[in-house]
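Enquirer: Quick one: structure below, then a few questions.
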Amino acid sequence: MCGSSDSDSHDGYLTSDYNSSNSLFSLNNGNSYSSASLDRATFDCQDSDLLGNHKHPMLSTEIPRFISNDALHSPITLNYKRDNDDVTYTNGKINKFMIVLIGLPATGKSTISSHLIQCLKNNPLTNSLRCKVFNAGKIRRQISCATISKPLLLSNTSSEDLFNPKNTDKKEAYARITLQKLFHEINNDDCDVGIFDATNSTIERRKFIFEEVCSFNTDELSTFNLVPIVLQISCFNRDFIKYNIHNKSFNEDYLDKPYELAIKDFAKRLKHYYSQFTPFSMDEFNQIHQYINGHEEIDASLFFFNVINAGIVEPHSLNHSHYPSTCGRQIRDTIMVVENFINHYSQMFGFEYIESVKLFFEKFEDNHEETLTALDSVVNDQFFNDLEELIENNGFA
């Protein structure tokens, strides 16, 4: 997905512009945390043109119709009066929030993160929260470019291919560094909402993340309590995926590479991710909550939300919340704003993306330009058939 934000991007982070003096949590505490392991959309989508994209086959070829109601084009906010005493404690510590993104590449995780930051900033319940996105891909590029002083080298063999399943340990190292940066920024009171932007595509990776969250929350050196929120981003629409792959060919990994070569490389990368991806499920939610609850010193909380096909497919019963036993207004309000964002995403932001996809294909179909020819030659029926097979093998369908 593509979108814009009035946030700034630097040092691997997407950060909102609220400074520490505006934060409810500005304690100017100098302690630092070091982990042991560095190394609902209420818009009722009953139109068959919309829901048809989520029916079998899973990777649909149709673009949903453009949501044209002008009343839907302005951001939705909840205008509740904010109290001065809404800073609350859990486990004896002031609460902050960690959003764990889950989703394959080219599904819109980074864009939805920037939209969520806008929503939090525009809502009076949460506009004092300082938000940062910690993007594992940006951290990986910063570290690798600093080491080899050149853009990403395209692999010739599986041993050279960072995204090949054989090299999972290399990707895990970048993810762990990114996660530790998030913990460090949270504990130094540099942000209040940390968004961990990575695929987090395996059960093992997610198990590690929540082990680290529990370690953070029970560590005497950690100043704050992290409230974990899982946000899973899914995309099954073929034209959405094709459009996203097109956009990915212009990211930092491919700035020095021909368009068709970039498309081929990213398509191969995407297949590698599909081969390893296990979607987050209610069973896993319950297992993680049970794990957190097993720590007697933690008043457990866990929240799970989904955005599917830019929000036009309603997640129905997929979302789930477990509030801590002593839940203050701060947690309730923040979760309410996040839930409102999820439930209205197609109206707040998704319609712009849908129109962009529509215009993209109209432009190239009318002109028969070389770009779409190159894209079609790689991201074709066989490519999507391969993805469908990988989806079925991983229990996605």
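The values are calculated or read from the model by the stated rules, or taken from the named source; none is laboratory data. For clarity, every value in this text was computed on a predicted model and none was experimentally measured. Note that each Cβ is placed from the backbone with ideal geometry, even for glycine, and that neighbours are counted across all protein chains shown. The accessibility values were calculated without ligands, DNA or RNA, using every heavy atom of the protein model including side chains. Shrake-Rupley method; radii C 1.70, N 1.55, O 1.52, S 1.80 Å.
Enquirer: Percent of accessible area on the stretch 211-341 owned by carbon and sulfur, 1.4 Å probe?
Expert: Its accessible area is 48 percent carbon and sulfur atoms.
Enquirer: Also: GluC sites (Glu not before Pro), restricted to the stretch 316-397: which are DSSP loop and have at most 12 other Cβ atoms within 10 Å?
Expert: 369
Enquirer: R0 = 41 Å: FRET efficiency of residue 329 with residue 172, Cβ-based, nearest 0.05?
Expert: 0.65
Enquirer: When N is the residue count of the stretch 278-381, what does its C-alpha Rg come to as a fraction of 2.2 N^0.38 Å?
Expert: It is 1.59.
Enquirer: Which order do peptides 374-386, 196-208, 237-249 fall in by mean Cβ count within 10 Å, highest first?
Expert: Descending packing order for the listed peptides: 237-249, 196-208, 374-386.
Enquirer: Could I ask something else about it? Place the peptides 114-125, 317-328 in order of packing, highest mean first, counting for every residue the other Cβ atoms within 10 Å and averaging per peptide.
Expert: 114-125, 317-328
Enquirer: Listed here are the pairs 121/207; 96/121; 264/363; which of them are more than 26 Å apart at the Cα?
Expert: 121/207
Enquirer: Along the Cα→Cβ direction, 7 angstrom out, place labels at residue 219 and residue 142. What is the inter-label distance in nm?
Expert: 1.8 nm
Enquirer: Now for a different question. What is the magnitude of the charge dipole of the stretch 260-371 about its Cα centre, with +1 placed on the Cβ of each Lys and Arg, -1 on the Cβ of each Asp and Glu, and no other charges, expressed in debye to the nearest 20?
Expert: The dipole magnitude comes to about 180 debye.
Enquirer: I'd like the accessible area for residue 93: 1.4 Å probe, protein heavy atoms, all chains in place, Å² to the nearest 10.
Expert: We get 30 Å² for residue 93.
Enquirer: What full-extension length gain, to one decimal in nm, is calculated for residue 281 and residue 382 as 0.36 nm per residue of separation minus the Cα-Cα distance?
Expert: 33.5 nm
Enquirer: Tell me which of 222, 233, 203 sits at the most positive position along the dipole axis of the stretch 200-258, charges placed on C-beta atoms (Lys, Arg +1; Asp, Glu -1).
Expert: It is 233, whose Cα lies furthest towards the positive end.
Enquirer: Can you list residues from other chains, or at least 5 along the same chain, whose modelled amide H is less than 5 Å from the amide H of residue 197?
Expert: 134, 135, 136
Enquirer: Also, I was wondering about something else. Could you tell me which of 350, 302, 361 has its Cα farthest along the dipole of the stretch 285-390 towards the positive end, charges placed at Cβ (Lys, Arg +1; Asp, Glu -1), taken about the Cα centre?
Expert: 302
Enquirer: Please give the charge dipole size of the stretch 197-342, origin at the Cα centre, charges +1 on K and R Cβ atoms and -1 on D and E Cβ atoms. Round to the nearest 20 debye.
Expert: For this selection, approximately 760 debye.
Enquirer: In addition: Name the residue farthest towards the positive end of the dipole of the stretch 256-328 from the options 313, 276, 262, assuming +1 on Cβ of Lys and Arg, -1 on Cβ of Asp and Glu, about the Cα centre.
Expert: Ranked along the dipole, the leading option is 262.
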